[in-house]
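Only one structure is covered here, and it is reproduced in the block below.
We did not get these values from a lab; they are worked out from the coordinates using the rules stated. Every value quoted in this text rests on a predicted model; they were computed, and no experiment measured them. Methodologically, a virtual Cβ is constructed for each residue, glycine included, from the backbone with ideal geometry; neighbour enumeration extends over all protein chains shown.
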Amino acid sequence: MITSQAVRRAAMALLMCSLVAFSIAPGAAQTSKPIKSVNFQNADIRSVVNFLAEYSGQNIVAGPAVEGDVTLNLHDVTWEQALDILTKTYELKAVRENGYIRILPLLDYQKEENAREQHDSNNRRLVRLETRIIEINNASAGDLITPVKTILTDRGKVNIDKRTNSLIITDEPVTVDRIETFVGGLDRETRQIRISAKLLEVSSDYLEEFGFDWFMDGEGTGGDNNELSYQNNAKVVGADGRVTDPFGHYSFFTAQRGWNLEAAVDAIISEGKGKVVAHPEITTVDNKEARIQMGQRIPIKQWDASGNVIISFTEVGTILRVTPHITSANRILMNLRPERSTYEYDPNGVVISTNNAETNVVVQNGQTAVIGGLTTQDETITESGVPLLKDIPLLGELFKYKRKKLESRDLIIFVTPLIVDAEMMGSVETNP
């Protein structure tokens, strides 16, 4: 039985709808324009849905469980915004399907989705699994395991065959096809960079005479105006793990354009003030570390909890770690980590003095980055005296004297990265 109150409420809702429609939308042609004003007070929700359907010209259907009164007071909104506000405010869900919009309670929608997912899952379990071997040509098959697992279904699995560098995929046929396409996008040839390093040892006094200062301020010799000086912590590690105070300065910059590296090195060597310690070259792939070391491995004795002697080897000398990355502009970003260490014996064991630094520098293809400030001191002892008399045992000590001299030497490292192209790899014919 329809009560008088329900009749009045329905009449009020229809009156509000007609007033809004009269003031803002005489026809469905204005669906793209905002609604200037929507004002419903305790209106039946089905009446509001009917109003939005009439205004928008869309087929909007409210499910049987959608019921109750709503209150809306909106200004300058589209019908889609009004529908979105209505559904979110009153825990409803608007489901767009073929040619119409269905309104239903949010809980009912979630139950439908769960039932649909369960149905799809049951259907997928009826599909026979497929096993496919995907050969990897450029990358390492082991490196692709993690990204491939993000695509596998709960029934799928992936293994690798190290001998053939292949992936063995077992999953539903559709998923296997997706994985094969996905792997094809990842299995690209990685570009390579050739790292040419030149280690030059020069007398610090000669550099000062030459007017060169690693720690100068301003533009310095960097053609890109990016000279930087770094304070670095150098540590001394002995048998008791002692650490000294911070020391050691490093300077990183790029050589200016037109600067002739070979000419500068030849000039220093010709003066007898320096020597080339090493000139190694190494090739690495993009984003992979290249490591260059000159030095030795020294044995260090340690004791375990039972008092047994354990001998471990520590690398001491000059170590340069370079991790290059080719940018989109075909420039090279290098992560540089130089390290220089020395050792000496004391009553407590071996004391290793290490100074190192780390920086990132961007250079053009073939441009040289310079690392300076790796300074060491060598102690030399010279003996002088009266000829013949200084050689007499015991008495000769009165006729001779010894002189100690500390000589500082700088190790300069020139790092030149070069992108390896097809011609350099010998994959194309070149003209003689």
query = Dipole magnitude of the range 95-215 about its Cα centre, charges +1 at Lys/Arg Cβ and -1 at Asp/Glu Cβ only, in debye to the nearest 20?
reply = 900 debye
message = If I stretch the segment between SER312 and GLN296 completely, what's the gain in nm (0.36 nm per residue apart, minus their alpha carbon distance), one decimal?
response = 4.4 nm
query = How long, wide and thick is the range 309-369, going by the Cα atoms along their three principal axes, in whole angstroms, largest first?
reply = 55, 20, 15
query = At LYS400 and GLU289, where each label point lies 7 Å from the Cα along Cα→Cβ, what is the point-to-point distance in nanometres?
reply = 4.9 nm
task = Set the Förster distance to 22 Å, then compute FRET efficiency between ASP177 and ARG116 from the Cβ-Cβ distance, nearest 0.05.
result = 0.45
request  = Between GLU189 and ASN335, take the C-beta separation as r, use R0 = 25 Å, and let me know the FRET efficiency to the nearest 0.05.
outcome  = 0.65
Length gained when the stretch ASN138-ASP304 is fully extended (0.36 nm per residue, less Cα-Cα span) = 55.3 nm
task = With label points built 7 Å along Cα→Cβ from the Cα atoms of ASP346 and ASP84, find their separation and express it in nm.
result = 7.0 nm
query = Of all GluC sites (Glu not before Pro) in the range 80-120, which ones are in loop regions per DSSP and have a Cβ with at most 10 other Cβ atoms within 10 Å?
reply = GLU91
request  = Give the calculated FRET efficiency between LEU129 and THR164 to the nearest 0.05, with a Förster radius of 22 Å applied to their Cβ-Cβ distance.
outcome  = 0.55
task = Enumerate by residue number the trypsin sites (Lys or Arg not before Pro) in the range 144-192 meeting two conditions: DSSP loop (anything except H, G, I, E, B), and at most 10 other Cβ atoms within 10 Å of the site's Cβ.
result = LYS162, ARG163, ARG188
